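What follows draws every value from the coordinates through simple rules; no lab data is involved. Just so we're clear, the structure is a prediction, and the values are computed from it rather than from any experiment. As a convention, Cβ positions derive from the backbone with ideal geometry for all residues, glycine included, and neighbour counts pool all protein chains shown.
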Amino acid sequence: MHGNWLDRVNSPEDIKKLDIHNLELLAAEIRTHIISTIEKTGGHLGANLGVVELTLALHSVLSTPKDKIIWDVGHQCYTHKLITGRKDRFHQLRQWEGLSGFPLPRESEHDHFGVGHSSTSISAAAGMAIARDLKGEHYRVVAVIGDGALTGGMAFEALCHIGSLGKDLVVILNDNAMSITNNVGALSDYLGRIRSDSTLYKAREDLSLFLRKVPLVGKPLARLAHKFKITLKNMLPGQLFEDLGFAYLGPFDGHNIARLQKAIRAGVERGGPVLLHVYTQKGRGHVLAEEDPERYHGVGPLKVVSNSKRETLSYSRVFGNTLMTLAEQNKNIVAITAAMPDGTGLSGFAKRFPERFFDVGIAEQHALTLAGGMAKEGLRPVVAIYSTFLQRGYDQIIHDLALQNLPVVIGVDRAGVVGDDGPTHHGVFDISFLRAIPNMTILAPRTGSELAAMLSWAFEQTGPVAIRYPRGSAGVEHLEPHFEPGTPIPASIVKNGHDAVILAIGPMVEVALEAARQLEPECSCGVVNIRSIKPLDGSLLRRLASNKKCVLTLEDHALAGGFGSSILELFREEQGIRVECIGYPDTFVPQGSIQRLHDEYGLSVQHVVQTIRKLLPGRPLKAVARKDP
């Protein structure tokens with residue numbers, strides 16, 4: 001058999017038939033295939049190129065789906081998908097009704113746990129190992145976690161628990177010194193010291209053998225020998241994990257398939273909790289991704305081989321630029337992010353004010369309570385986190401910020417659907433979970449100019465303020481808005497109308513405005529830019545709705561508990577006001593382009609026009625949302 005090895009691989013059993021040389025040829029083919037596919041579909045490039053050999057080694061030793069491989073985050077699963085019967089659909093990666101960019105159990109029996117967020121793998125794997133033993137079953141469980149994900153507190157909670165139980169479980173630490181950006185913190189430094197000297201593993205083996213041979217003769221000598229052993233033991237690499245109850249093996253070259261196979265076999269045969277430390281190169285095999293792993297962590301279509309940088313004014317960038325300007329004037333302003341300085345627009349701030357910038361790693365809970373501590377002592381912290389990741393710090397928002405009414409600004413980035421990353425990354429729940437919290441102010445800018453003005457206003461407040469804004473380009477108004485510090489931000493009438501009124505938030509205002517224009521002259525429809533979701537500009541909204549035939553709310557968010565719900569609550573005692581709500585139904589929104597999702601779920605201009613037309617004849621009150629596609 002010669003060449004085209006990927007064509008011949010239809011299941012993990014086919015991997016087991018290949019020798020090391022042919023596995024290496026297969027690895028090269030897989031890298032080429034991943035790069036060519038991501039050029040068309042976009043996706044996570046660097047992480048996937050870094051684990052090709054590790055994935056092949058895992059499947060050549062284990063027997064899935066009986067054995068369980070649990071991927072952390074799951075953005076490195078492309079090789080896994082290619083060799084588990086999905087290569088014929090791989091061209092549909094991250095597309096509408098195509099393959100997910102993350103492990104998805106309903107997609108394949110080889111995907112044992114759904115994932116898209118960080119630091120969950122060891123907990124899930126521990127749960128499976130416990131279930132296995134309670135049921136008297138026999139299979140192997142392996143969790144694959146990156147050094148970036150290991151900065152999440154949940155990973156350490158799981159390590160501490162499973163280490164104390166002594167269950168058979170292998171944790172593979174895929175150490176590439178990166179999450180999305182360079183890792184931070186003491187753990188990263190610790191792993192760096194181990195990684196920097198490949199002779200340490202041999203030293204551990206030699207010292208371990210030596211310690212076993214130290215004789216224990218008499219009590220004084222025994223005590224001395226014991227102290228000597230402890231001293232030498234603490235010099236060995238990986239002692240942190242040993243102290244947590246894990247046998248530490250490594251570090252190993254994560255691109256040497258033969259060595260990886262031996263290490264994985266040693267790990268699963270050893271029994272008990274084992275941590276296998278491998279080091280890999282993020283973006284391996286793609287020159288630009290190797291040189292700039294941060295930029296090539298995740299890429300859009302047609303951007304893989306290009307070295308050009310498209311300059312766009314995104315909401316994230318407006319947020320970061322405005323924050324820098326405000327920080328020049330106020331030395332108490334500090335910025336915090338959870339391993340996302342570039343994605344949240346804070347890279348410039350980090351360079352300009354390094355002593356006032358804090359990247360805490362993938363630790364959203366810590367980021368929020370850290371901000372609370374800073375605010376309590378007079379600083380003005382702003383925490384920039386994606387909406388989908390803010391969910392991970394919910395208790396901290398309630399208990400550590402809102403309950404104490406601390407002036408922390410939360411930049412809720414990537415609010416609304418985000419496209420091809422799918423349901424694990426859509427930011428469609430933040431209004432619901434934030435709106436229920438006392439003392440919380442929630443804002444939604446229509447444009448970049450409004451975002452800048454809201455951020456300035458937020459630093460004048462005495463309690464927590466969340467500003468939600470979407471992914472993508474931000475519009476800029478010719479007239480810079482200004483909001484009075486001592487009063488809530490008012491709603492803005494964008495267009496007057498006497499038949500109906502559309503209440504919209506954020507960029508949905510543009511959809512509402514275009515729909516209102518298309519309805520003329522058959523219908524006079526007003527449009528209101530809400531700006532402040534909590535508190536609502538109740539007096540203005542009641543006045544606008546009092547003489548209208550219908551009120552329509554429009555939000556890029558779940559209907560349950562969202563902005564529309566707040567309008568229904570506002571008007572629940574009003575007589576004769578019909579309210580219709582457009583948003584996402586009680587389901588998880590799948591992957592797909594943002595425009596496709598808006599079309600499918602009724603957030604398009606055409607659907608708004610049709611809804612208004614149906615409402616005007618006096619149809620009964622109901623919530624409008626498309627059924628699951």
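Report the gain in length on full extension from Lys331 to Ser473: 0.36 nm times residue separation, minus Cα-Cα distance, nm rounded to one decimal. Walk me through the numbers before you get to the answer.
Working: separation 142, 0.36 × 142 = 51.12 nm, distance 2.92 nm.
Once the chain is fully extended between Lys331 and Ser473, it gains 48.2 nm.
For the residue pair Gln575 and Leu313, what label-to-label distance in nm results when each label sits 7 Å from Cα along the Cα-to-beta-carbon direction? The modelled label-to-label distance comes out at 4.9 nm. Taking every DSSP bridge with both residues inside region 470-629, close to 15 percent are antiparallel.
If R0 equals 41 Å, the separation of the Cβ atoms of Gln239 and His138 corresponds to a calculated FRET efficiency of about 0.85. The alpha-carbon of Lys351 sits under 15 angstrom from the alpha-carbons of these aspartates and glutamates, leaving out residues fewer than 8 places away in its chain: Glu328, Asp342, Asp359.
For a test of the definition: using alpha carbon positions, the gyration tensor, and the 1.5 limit on a/c, classify region 327-463 as rounded, prolate or oblate.
Numbers: a/c = 1.34, a/b = 1.17, b/c = 1.15.
Here region 327-463 falls in the rounded category.
Counting only aspartates and glutamates at least 8 places from Lys376 when in the same chain, those with an alpha carbon closer than 16 Å to its own are Asp400, Glu460. Taking the number of Cβ atoms within 10 Å of each Cβ as an exposure proxy, the fewest-first ranking of Ser63, Ser118, Ser123 is Ser63, Ser123, Ser118.
Arrange the following residues from fewest to most other Cβ atoms within 10 Å of their Cβ: Cys581, Cys525. Provide the component values of the computation, followed by the final result.
Details: Cys581 22, Cys525 28.
Final ranking by Cβ density, sparse to dense: Cys581, Cys525.
Starting from the Cα of Ser63, step 7 Å toward the Cβ, then list every residue of region 128-151 with an amide N under 11 Å from that point. Only 139-140 pass the distance filter.
With each label modelled as a point 7 angstrom along the Cα→C-beta vector, the His21-Asp395 pair spans 5.7 nm. For the listed residue pairs Lys87/Lys167; Lys40/Lys495; Lys66/Lys262, the alpha carbons are over 29 angstrom apart in Lys87/Lys167; Lys40/Lys495.
Between His498 and Ile130, the C-beta separation translates, for a Förster distance of 56 Å, into a calculated FRET efficiency of about 0.30.
Taking 60 Å as R0, compute the FRET efficiency from the Cβ-Cβ separation of His91 and Glu269 and round it to 0.05. FRET efficiency, His91 to Glu269: 0.95.
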